[in-house]
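In what follows, a structure is listed as structure tokens, so that the remarks can point back to it.
Every number here is computed from the coordinates shown, using simple stated rules; none is lab data. Source: prediction; values computed, not measured. No Cβ is skipped: glycine too gets one built from the backbone with ideal geometry, and neighbour counts run over all protein chains shown.
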Amino acid sequence: MDFGYPVLTLLIAFPLVAACGLFFLRAPQVVRMYTMAVSLIELLLAVPLFQYQPNAEFQFVERMDWVHQWGLEYYLGVDGISILMVWLTLAVLPLCVMCSWTYIGKRVKEFHFCLLFMTSAVLGVFCALDLVLFYVFWEAMLIPMYLLIAVWGGDDRKYASIKFFLYTLAGSTLLLAAIVAFRITGGTFSIPDLMQQTFTFRFQFWAFLAMALAFAIKVPMFPFHTWLPAAHVQAPSAGSVILAAVLLKMGTYGFLRFCLPLTPAASEYFAPMMIAISIVSIIYGGAIALGQTDIKKLVAYSSVGHMGFVTLGIFLFNVRGVEGALFQMLNHGIVTGALFMMIGAVYERSHSRDIEDNMGLGKYLPAFMFFWGLMALASLGFPGTNGFVGEILVFVGAFQKSTVIGMLCVPGALLAAAYMFRVSLKMAWGKPSVAKDWKDLNAREWIYLTIPAVFVLWIGLAPAPFFKIVDPAINNLLDNFDKRKVAHVENEQPMQTAANDILGVFADKE
């Protein structure tokens, strides 16, 4: 699909180039308006993406030599799996600018630079079709996110930012090792070209382990989740929105883009373990969220449970499961992003995130509680909301796979209802300790809450256009997976083979 100009390159480069213009501005209000204008122009530049034709092929492809001697290419493209994440990222930027309008009062210029930098890096992750290019964008994302937490975070921001950085860096190191291994074994960094190759089970075993650990940390899956609550609680509202809406999706996107297509035999081999960890994440995240008194920490732990449904759907290896995973990725970004924006809005009024300090808002902030109630229902998967569509698809896929797996997911859904009803009832009708003179939503807050609310109802009531986009790519992914998962399974167990190889090296030296 040729529009006469490189659509994806423009989308990736424009926020970063525009961010450089911030250094010529001084007044904080001008910086905010400039960044808002950039985010809206970015949306206009993305209009050609609406010409996406639902099929199994990569579209808007851009491919040219980057470093010819090393086999590196500047290779971009999107399919039905990645284009939803691109649209989500583009939509999140203006919402982050709006919810930070009065929340951020120091180093305003640097803060908005980080937002634009982050947008470019995340878009690059979802569009890259070269392994090294993907890794460059993956690592670039780490810098602005670290700064958002470390500079504009809460009292424990240093601890949270360093923990986030170390966890993510550890995963990135493993991912880099897998990338080098694919280049040595497959002879290319091109992801589509590697998808056409068949690797030995032993190679797939180790490559899957390296990639899965990197992606599990990013999701995050239990027990690699401990960085997430700290990062969410300490991050400013916009940082939490970006983290929940798009950064966590980079891990699950990695499973779909790399693990299933490139290591199908190993993915099936490790599927029981991944399903078990996903179920533990669902139940653990819900149980811990139920006991929280900090609203932001409650929503942070709920993300562990919700993302558990995503990884579960991926490793069910059936159409309904993967459909549910993709819908959950999109829906979690919309709903949890909106919840974090509302937590920021109420924090600006009460200067507290404790449930006890924010009770009785139904009387003082009725419009706010309307949006909160809608997002809470979507979060627990109430019929008619977008959360129901993704969750029911995962449940259907789970029961198709095994009745036991489906039944084990039920407590997670019940826990989601319990913790969301608990916090919502207290916030709406709880007796406040003191009378409040807060004002309800202003015009800016109405705008940035109405937008996700529209998508909550649209996807919940009329999801057919979204199915049309994702289904061809999902069917192609699973068809190729079924054809290639049984190839080249060696007789020896990978651990035993590796041990023999190591012993053989020492024997040769002797």
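Which three extents, in whole angstrom, do the alpha-carbon atoms of the stretch 54-162 cover along their principal axes, largest first?
That works out to 45, 34, 22 Å along the principal axes.
Show me the ranking of peptides 58-67, 291-300, 320-329 by mean Cβ neighbours inside 10 Å, starting with the highest.
320-329, 291-300, 58-67
Per DSSP H run of at least 4 residues, take -39500 (n - 2.57); add these up for the chain, divide by its residues and hand me the 222 nm value, nearest 500 deg cm²/dmol.
-23500 deg cm²/dmol
Nearest 20 debye, what's the magnitude of the dipole of the chain about its Cα centre given +1 on Lys and Arg Cβ and -1 on Asp and Glu Cβ?
Rounded to the nearest 20 debye, it is 1460 debye.
Relative to the longest principal axis of the chain, what angle (0 to 90°, nearest 10) does the C-alpha long axis of helix 264-290 take?
For helix 264-290, the angle is close to 20 degrees.
Would you list 259, 96 from fewest to most Cβ contacts within 10 Å?
In increasing order of surrounding Cβ atoms, one gets 259, 96.
Between residue 62 and residue 382, what is the label-point separation in nm under the 7 Å Cα-to-beta-carbon projection?
Here the modelled spin labels are 4.3 nm apart.
With just the Cα atoms defining each centre, how far is the stretch 433-471 from the stretch 278-295? Give it in Å.
Here the two parts' Cα centres lie 24 Å apart.
Using a cut-off of 14 Å between alpha-carbon atoms, which aspartates and glutamates can reach residue 218, once sequence neighbours fewer than 8 places away in the same chain are excluded?
Partners within reach: 139.
Specify the angular offset, from 0 to 90 degrees and rounded to the nearest 10, of the alpha carbon long axis of helix 386-401 from the longest principal axis of the alpha carbons in the chain.
So the helix axis and the longest Cα principal axis differ by about 30 degrees.
Where does each of 222-231, 114-123, 12-21 land if you order them by average Cβ count within 10 Å, highest first?
114-123, 222-231, 12-21
What net charge do the residues around residue 255 carry, taking every other residue with its C-beta under 12 Å from that of residue 255, with Lys and Arg at +1 and Asp and Glu at -1?
Counting the neighbours of residue 255, the net charge comes to +3.
Of the cross-linked pairs 296/436; 158/431; 106/249, which ones have a Cα-Cα span greater than 32 Å in the structure shown?
Beyond 32 Å: 158/431.
How big is the Rg/Rh ratio for the stretch 7-505, C-alpha atoms only, Rh by Kirkwood, two decimals?
Rg/Rh: 0.96.
Give me the distance in nm between label points sitting 7 Å out from Cα along the Cα-to-Cβ direction at residue 458 and residue 10, one decimal.
2.2 nm
Would you mind pulling out the separation of the Cα centroids of the stretch 316-374 and the stretch 167-237, in Å?
The stretch 316-374 and the stretch 167-237 have Cα centres separated by 29 Å.
Express the Stokes-Einstein translational diffusion coefficient of the stretch 399-476 in µm² s⁻¹, to the nearest whole number, given a Kirkwood radius over alpha-carbon pairs, 20 °C and a viscosity of 1.002 mPa s.
Rounded to a whole number, D works out at 124 µm²/s.
Exposure proxy check: 206, 446 ranked by fewest other beta carbons within 10 Å?
Final ranking by Cβ density, sparse to dense: 446, 206.
Roughly what angle does helix 28-45 make with the longest principal axis of the chain, taking Cα atoms, 0 to 90 degrees, to the nearest 10?
Helix 28-45 and the main axis of the chain meet at about 50 degrees.
Relative contact order for the stretch 14-125 using alpha-carbon pairs under 8 Å, separation at least 6, rounded to a whole percent?
39 percent
May I ask you to derive the relative contact order of the chain, considering only C-alpha pairs under 8 Å and at least 6 residues apart, and to give it as an integer percent?
That works out to 16 percent.
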